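Everything below concerns the one structure shown next.
The values are calculated or read from the model by the stated rules, or taken from the named source; none is laboratory data. From a predicted model like this one, the values you see are computed outputs, not experimental measurements. Note that we place each Cβ from the backbone using ideal geometry, even for glycine, and neighbour counts take in every protein chain shown. Accessible surface areas use protein heavy atoms only, side chains included; no ligands, DNA or RNA. Shrake-Rupley method; radii C 1.70, N 1.55, O 1.52, S 1.80 Å.
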Amino acid sequence: MEKINNNIPKHVAIMMDGNGRWAKKRLMPRKIGHLEGSKRLESICESSYKLGIKYLTVYAFSTENWNRPNDEVNGIMNLFRKYLVDKKNKCIQNDMRVRIIGNRNGLDNDILQKIEDMEEATRKCNGLNLQLAVNYGGKDEIVRAVNKILLCKEHLNSITEAEFSSYLDTRDIPEPDLFIRTGGDKRLSNFLLWEMAYTEFYFSDILWPDFSEEELKKAVNEFSKRDRRFGQIKE
Ligand code: FPP
């Protein structure tokens, strides 16, 4: 593997955009694009681990994606079901911990059960930490946190940033260092709004099913050259 700078991001967040266009270019249904996208996710998990990335969070289904045609929504949910069941042993073998972030209200009961099984089965894994964002919205995550806080009498007067973070879905996960969006658009689309306050952004025109290990290395390489000041001045 080509050597890259030592400054590897600990946590990479990815918006896997462009599956639909990838399929359309090949005159195939959009759900084939999502299927290819899910295969790409598996290979990018392997590449991330090889590169030394410790946490990978990917946007699989947003709170807004329910507005897509039923057939497409069902297609993505079925891919998710299949992943949770078929890949469980492979995740354990690869020492990969899988967690799901997002609003669990609104997910089918069988999916909830499969999520719990996957999370429990990989709880002790120590390699890559994969977070799948499903029925996730950044604003929704913040409002759910606020509602949990409102139920706690101890926070009636004030709360610190660290305390607030502990009510988020991402409470045990460090904030992303690098955000990658494939597919050409340059916006955040309600992803990890609180967590990405100081994240470096990288946008790629490549459609997600084509986003190879080489492309990931380009993003990491670019990250390694960024000067992160976190609002401070460097001498
Ligand atoms: C955005 O592309 C992609 C999605 C909304 C779904 C992403 C889902 C996967 C990659 C599969 C996830 C699978 C598992 C196992 C979690 P788009 O459909 O908006 O593409 P477009 O912009 O070209 O239309």
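Couple of notes before you dig in:
- Near pairs, Cβ below 8 angstrom, 6+ apart or cross-chain, from segment 15-28 (over 18 Å from ASN135 (Cβ atoms) and without any contact (Cβ under 8 Å) to a residue 12 or more places away in the chain) to any residue that is among the β-branched types (Val, Ile, Thr) and more than 8 Å from the ligand (Cβ to nearest atom): ARG26/ILE32
- Residue match in segment 49-57 (condition: at pLDDT 95 or above, within 11 Å of the ligand (Cβ to nearest atom) and either touching a helix residue (DSSP H, G or I) at 6+ places or on another chain (Cβ under 8 Å) or part of a helix (DSSP H, G or I) (or both)): no
- Strands (runs of 3 or more DSSP E) wholly inside segment 122-235 containing at least 2 residues that are out of contact with any Asp or Glu (no Cβ under 9 Å at 6 or more places or on another chain) and open to solvent by less than 30 Å² (accessible area, probe 1.4 Å): 129-136
- Test: residue in segment 147-164 that is within 14 Å of the ligand (Cβ to nearest atom), free of Cβ contacts under 8 Å to residues at least 60 places away in the same chain and among the charged types (D, E, K, R): no
- Hits in segment 44-78 - residues which are open to solvent by 20 Å² or more (accessible area, probe 1.4 Å), small (Gly, Ala, Ser) and in contact with a Phe, Trp or Tyr (Cβ under 9 Å, 6 or more places away or on another chain): ALA60
- Here the condition is being farther than 19 Å from LEU79 by Cβ and away from the ligand (no atom under 16 Å from the Cβ); of GLY127, GLY138, it holds for GLY127 alone.
- Filter result for THR199 (polar (S, T, N, Q) and in contact with a Cys (Cβ under 7 Å, 6 or more places away or on another chain)): no
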